[in-house]
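**Q** Here it is, the structure in full.
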Amino acid sequence: MITIFVFVMMILVDYLNVLTKGKMEKVVKGGRLRQYFTASFLGSTPGCLGSFMNVSFYVHGLLSFGAIVGGMIATSGDESFVMLTLFPGKAVLLFILLFFLGIAGALISDKIASQLNIVPCSECDLQKIHDTTKRHYFYPSSLKRFPELSPARYGLISFFILLILLNLSGLWGPQSWSIDEPERIIFLSLSSIALFISVTVSKHYLEEHVWSHIIRKHIWRVFLWTFFALLFINLGLQHWNLENFVRSNMGWVLVISALIGMIPESGPHMVFVMMYADGLIPFSVILTSSIVQDGHGMLPLLSYTLRDSLLIKIFNLFFGLVVGFILFSLGI
C-alpha cells in the first residue's frame, strides 16, 4: 500500500512539474537570494525532479555553488513520498524546515566557497536529464481515440480503476472515512487524479515519464527498499533487541544516518524513515539523514563534475551533523 501511495504521488508531482515547463528557468534567473529560495524550494518538493532541475540549472551557470548545496540540503529523495504516507503532518514540517535550512546553508556555503576560492562548474553542456521542453504533452481528447490507445494506457487505466473499486468495496486499502484518519479519502482522491492523468496525457508522456522514468527507474526500488527496511526493523525488534541498542547508542545512530546519507541513492535512508515512524529515533536523526542524503539528485552531476559532487556532499555532511547534534543536545 505504501508503494501504491508513492507511485500515485510521483505521477502527480511529475505531472505538475511538466505543466510548469519553461517557467522555472525564468524564476531562477536573478540575484543570489532568488537562487537560494528557488533551489531550496525545488529541493524540498517530494521526489528527485526538483533536484534534477537544480543540477540542470547549476551546470548551465544559473545557480551558485551555495545555491546547489542549499538545494541538496532541502532534498530528501523518494523517501519523502513514504514520509508523507506514514507521518504526513510531521513530514510537511520536516520539508518546511529543510527549505529554510537550505536557504541558510546556501548563504553560508557561498561565503565559505568564496574564502576557499571554490569555482563552480559553469556553462557545462549538460545532457538532457528529463525532457520538459515539448509542447504536446497533454491531450484531453484522448477518449476520442480510445480504441487505438496503447497497452500501457489500458494497463494504467485498468490498474487505477481496480484500486478504486477494491477500496470502495472494502476489500483492500485504508478503510476509515474519519477526518482524523484521512488516508482513505487521500487514497481515493489521488487514485482518481492518477486515473484522469492516465486517460488524458499524451503517448509520449505516458511511455517516457510514467513507464520509463517512474516505473522502471523508481517505483520498484521504492518497493524493495521499503520491504527490506520493514523486514529489518521487524526482525530487529523481535530477535536482536534493536530498540535497546538504538536508544542506548543514539549519538552513533545519528552519525551513521549522516554517513549513509552520503550514498547518492534513494533507499538506504528508508531504514531511518521506518525507525522514526515506529518511534525508535528522535526528530534530530531523521532531519540529519534528510539533510545529508539527496536521493538520486546527485547522480547526473557525478557524471560531469566529480569534484563539485564531492564538495557538495561534504558540505551537506557538515551541515547535517552540526544541525543534528544541536537538536539532539536539546532533546529533540
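**Q** Would you mind computing, in nm to one decimal, how far apart the modelled labels at MET1 and PHE245 are, each placed 7 Å from Cα along Cα→Cβ?
**A** Each label point lies 7 Å from its Cα, and together they span 2.9 nm.
**Q** For LYS90 and SER150, calculate 0.36 nm times their separation in residues minus their Cα-Cα distance, and state this gained length in nm to one decimal. Kindly include the intermediate steps, with their values, before the conclusion.
**A** Working: separation 60, 0.36 × 60 = 21.60 nm, distance 4.00 nm.
Result: 17.6 nm gained on full extension.
**Q** Quote to one decimal, in nm, the extra length available between ILE161 and VAL119 on full extension: 0.36 nm per residue of separation minus the C-alpha distance between them.
**A** On the way: separation 42, 0.36 × 42 = 15.12 nm, distance 5.21 nm.
Gain in length upon complete extension: 9.9 nm.
**Q** Let me ask you something else. Take the alpha carbon atoms of region 54-76, find their center, do the same for region 269-294, and report the distance between the two centers in whole angstrom.
**A** 23 Å
**Q** Highest mean first, how do 316-327, 44-55 rank when packing is the count of other Cβ atoms within 10 Å averaged over residues?
**A** Numbers: 316-327: 19.5, 44-55: 25.7.
Answer by packing, highest mean first, reads 44-55, 316-327.
**Q** Continuing with the same structure: Under a 5 Å amide H to amide H cut-off, with H placed in plane at 1.01 Å, what residues pair with VAL201 once short-range neighbours are removed?
**A** The answer is TYR139.
**Q** Please report LYS90, LYS217 as a ranked list, fewest other C-beta atoms within 10 angstrom at the top and most at the bottom. Walk me through the intermediate numbers first.
**A** Numbers: LYS90 15, LYS217 12.
If I rank by nearby Cβ atoms, fewest first, I get LYS217, LYS90.
**Q** Can you give the FRET efficiency to the nearest 0.05 for PHE283 and ILE193, using r as the Cβ-Cβ distance and R₀ = 25 Å? Intermediate values should be presented prior to the final figure.
**A** Working: r = 31 Å, r/R0 = 1.22.
Given R0 = 25 Å and the Cβ-Cβ separation, E is 0.25.
Any read-out appearing in this document is the output of simple, stated calculations on the displayed coordinates, not a laboratory observation. This is a predicted model, so every value here is computed, not measured. FYI the Cβ positions are ideal-geometry reconstructions off the backbone, even for glycines, and counts take in every protein chain you see.
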